[in-house]
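Student: What follows is a structure written as structure tokens; I'll ask about it next.
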Amino acid sequence: MAAAAIIVNALGVVFLAHAVYSAYEHSLLPSSTATPPSGSALSRSLKPNVNLPIDITLETLFSALLLCVGVVLSSPGLKPIQWNVWAGRLEKSKEAREITEVGVGGGNPYAGLEERAGFLDIRGKRKEFADWIKKDARSEKS
Amino acid sequence: MSTTLLQPPTTASPRTTITLSQQATHFFAAQRTWLTTLPYPLNRLLPTESQEKWLAYENVFLACLRTGDNDAAYTALQALTARFGNDNERVMVLGGLYQEATASSQAELEEVMRSYDEILKEDPTVFALRKRRAALLKSVGKPTEAIGDLIKMLDASPTDAEAWAELADLYLGQGLYEQAVYCLEEVLLVMANAWNMHARLGEVLFLSAGKMEAGSGDKLKTLSESMRRFCRSIELCDDYLRGYYGLKITTDRLLEVLDGVKQKPQVASTSDPVTGDLAPPSLAAVKKLSQLATAKLAEIVRRGSAGEKGWDGYNEAELGAARELLDRDTQKIQR
């Protein structure tokens with residue numbers, strides 16, 4: 001999908017550039033302005049009497065369409081905006097829980113209500129850890 | 001900076017904690033660059049701090065304390081104290097943690113408790129330290145005193161969900177289910193979307209229903225309340241393994257109880273007019289929920305243990321328990 005989006009975007013840019021350049025070149029042709037407009041320079045600049053060929057117009061529109069499609073295709077996936085979908089993803093996917101920076105990511109935001117870091121029983125944790133080390137050493141020996 | 005440094009090590013597995021604490025010396029050395037050794041006006045001009053730095057220090061401190069590496073923990077604590085000062089609440093708590101962890105005798109622990117009391121006498125609004133005091137009381141085996149402490153604290157700050165949750169846990173440890181349920185309901189008043197607390201409340205209600213005598217209306221009421229709590233946790237969180245597990249065991253138990261009730265004629269079909277409680281659910285609804293829970297559990301176990309993309313985050317032990325529950329069910333059917 002990503003490669004297709006890049007190709008569409010590139011094509012759109014090429015077509016747009018080509019259309020713009022063609023329009024510029026066309027405006028330089030002496031025949032492009034059919035009748036020299038009457039009136040002052042101001043009214044001429046306000047009402048430019050340019051008759052672009054239909055193929056340049058169509059190319060511009062086509063390139064704009066291609067770019068629109070390409071930009072939509074190349075945008076990242078949508079984030080869930082429903083609470084249950086968002087919460088479900090935190091529960092079941094490791095990727096969604098990853099901490100990317102301070103305050104971003106990190107799983108269930110309510111997990112603190114069960115872990116309760118403010119009431120950390122450090123002596124119990126130390127004992128638990130020492131037991132784990134002992135068990136680990138024993139299992140390695142046997 | 002690696003992300004493991006940003007993960008609080010209090011609940012991490014022992015293996016991740018030990019790697020974190022082994023990195024401590026490297027971490028301190030990496031933090032001491034030439035930038036930080038510049039004289040006063042210059043070091044204020046250059047960026048020597050990041051958002052992550054002090055969080056990482058705290059996590060390293062806790063990890064070292066947990067693994068028993070007191071020297072490294074002390075180094076981290078000193079750095080934190082030098083940065084934030086002795087009278088910072090968070091640093092005070094960390095200092096207290098260090099003293100608690102390194103206390104070797106009962107007398108030393110009492111000394112720590114006295115130092116907490118002294119600080120609290122001067123400034124009773126240091127809630128972090130009041131929590132620490134309650135935790136220490138619980139740790140030395142005085143849960144009733146810890147409960148008293150917490151009740152006093154919650155009188156002053158009734159929106160502290162963490163303290164309510166701790167109080168519920170303490171009550172549960174004492175076997176006081178009704179009080180524990182009340183505290184968990186208070187937690188849900190503050191944080192109504194906490195799906196894990198809904199599941200927790202369902203678990204506590206299920207436990208208390210197990211203690212009630214069979215055939216009583218209370219048991220039916222408590223079980224259906226528990227089932228509804230699990231349903232709410234699932235509503236808040238798609239494919240919540242704990243919620244479906246709870247839903248399965250409560251509906252199975254509820255089916256037994258409803259079968260017993262059905263033989264007797266008196267079944268309350270409408271809601272209780274006095275208390276406004278909901279009527280117990282119908283047999284068909286409970287059966288349907290039980291089937292749904294079984295199907296969902298089977299799906300979660302299958303995809304979770306296969307480690308499918310986007311389904312790899314479940315806890316191994318929880319998956320194993322769910323598998324066991326399903327196996328028990330199929331055995332019953334085979335017999």
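Student: Yes or no: residue B:71 at pLDDT 85 or above, surrounded by fewer than 16 Cβ atoms within 10 Å (Cβ to Cβ), in a helix (DSSP H, G or I) and acidic (Asp, Glu)?
Tutor: In short, yes.
Student: If you don't mind, another one. What are the residues in segment A:113-132 that are surrounded by 14 or more Cβ atoms within 10 Å (Cβ to Cβ), among the acidic types (Asp, Glu) and farther than 18 Å from residue B:94 by Cβ, if any?
Tutor: Once the filter is applied, which keeps residues that are surrounded by 14 or more Cβ atoms within 10 Å (Cβ to Cβ), among the acidic types (Asp, Glu) and farther than 18 Å from residue B:94 by Cβ, segment A:113-132 yields only A:114.
Student: Go through the residues of segment B:90-103 one by one and say whether even a single one is open to solvent by 60 Å² or more (accessible area, probe 1.4 Å) and either in a helix (DSSP H, G or I) or within 14 Å of chain A (Cβ to nearest Cβ) (or both).
Tutor: For segment B:90-103, residues open to solvent by 60 Å² or more (accessible area, probe 1.4 Å) and either in a helix (DSSP H, G or I) or within 14 Å of chain A (Cβ to nearest Cβ) (or both): present.
Student: Of the conditions (1) more than 16 Å from residue A:113 (Cβ to Cβ); (2) open to solvent by 60 Å² or more (accessible area, probe 1.4 Å); (3) among the hydrophobic types (A, V, I, L, M, F, W, C), residue B:220 satisfies every one except a single condition; which number is it?
Tutor: Evaluating residue B:220 over (1) more than 16 Å from residue A:113 (Cβ to Cβ); (2) open to solvent by 60 Å² or more (accessible area, probe 1.4 Å); (3) among the hydrophobic types (A, V, I, L, M, F, W, C) leaves (2) as the failure.
Student: Look at residue B:83 and say whether it is in a helix (DSSP H, G or I), within 28 Å of residue A:104 (Cα to Cα) and open to solvent by 60 Å² or more (accessible area, probe 1.4 Å).
Tutor: Answer is yes for this residue.
Student: Does residue B:240 satisfy being modelled with pLDDT of 90 or more, more than 19 Å from residue B:280 (Cβ to Cβ) and in contact with a Phe, Trp or Tyr (Cβ under 7 Å, 6 or more places away or on another chain)?
Tutor: Working: modelled with pLDDT of 90 or more: yes; more than 19 Å from residue B:280 (Cβ to Cβ): yes; in contact with a Phe, Trp or Tyr (Cβ under 7 Å, 6 or more places away or on another chain): yes.
Here the answer is yes, as residue B:240 does meet what is asked.
Student: Could I ask something else about it? Of the residues that make up segment B:27-47, is at least one buried (at least 19 other Cβ atoms within 10 Å of the Cβ) and under 26 Å from the mean Cα position of the chain (by Cα)?
Tutor: Scanning segment B:27-47, I find no residue that is buried (at least 19 other Cβ atoms within 10 Å of the Cβ) and under 26 Å from the mean Cα position of the chain (by Cα), so the answer is no.
Student: Would you be able to say whether some residue in segment A:94-110 is open to solvent by 80 Å² or more (accessible area, probe 1.4 Å) and aromatic (Phe, Trp, Tyr)?
Tutor: no
Student: Another question, then. Would segment A:69-81 turn up any residue that is surrounded by 13 or more Cβ atoms within 10 Å (Cβ to Cβ), within 30 Å of residue A:29 (Cα to Cα) and in the same structural domain as residue A:29 (by TED's automatic domain parsing)?
Tutor: No: zero hits.
Student: Pick out the one residue from B:13, B:50 that is open to solvent by 20 Å² or more (accessible area, probe 1.4 Å), over 29 Å from the mean Cα position of the chain (by Cα) and either farther than 25 Å from residue B:129 by Cβ or more than 10 Å from chain A (Cβ to nearest Cβ) (or both).
Tutor: Every option except B:50 fails the conditions.
Student: I'd like to check which helices (runs of 4 or more DSSP H) are fully inside segment A:39-142 and have at least 2 residues that are facing chain B (nearest Cβ under 8 Å) and modelled with pLDDT under 90. Step through it out loud before you land on a result.
Tutor: Values: elements: A:41-46, A:54-74, A:83-92, A:94-97, A:112-115, A:122-141.
Passing ranges, in order: A:83-92, A:94-97, A:112-115, A:122-141.
Student: Would you mention how many residues in segment B:167-213 are open to solvent by 10 Å² or more (accessible area, probe 1.4 Å) and either charged (D, E, K, R) or outside any helix (DSSP H, G or I) (or both)?
Tutor: The total comes to 15.
Student: Now for a separate question. List pairs: first residue in segment B:183-201 and within 7 Å of another protein chain (Cβ to nearest Cβ), second residue among the β-branched types (Val, Ile, Thr) anywhere in the structure, Cβ distance under 6 angstrom, at least six positions apart or on different chains.
Tutor: B:197/B:187
The values are calculated or read from the model by the stated rules, or taken from the named source; none is laboratory data. Because the structure is a prediction, the values reported are computed rather than measured. Backbone-built Cβ (ideal geometry, glycine too); neighbour counts: all protein chains shown. Each accessible area value is taken on the protein alone, full model and side chains, heavy atoms only, with ligands, DNA and RNA left out. Shrake-Rupley method; radii C 1.70, N 1.55, O 1.52, S 1.80 Å.
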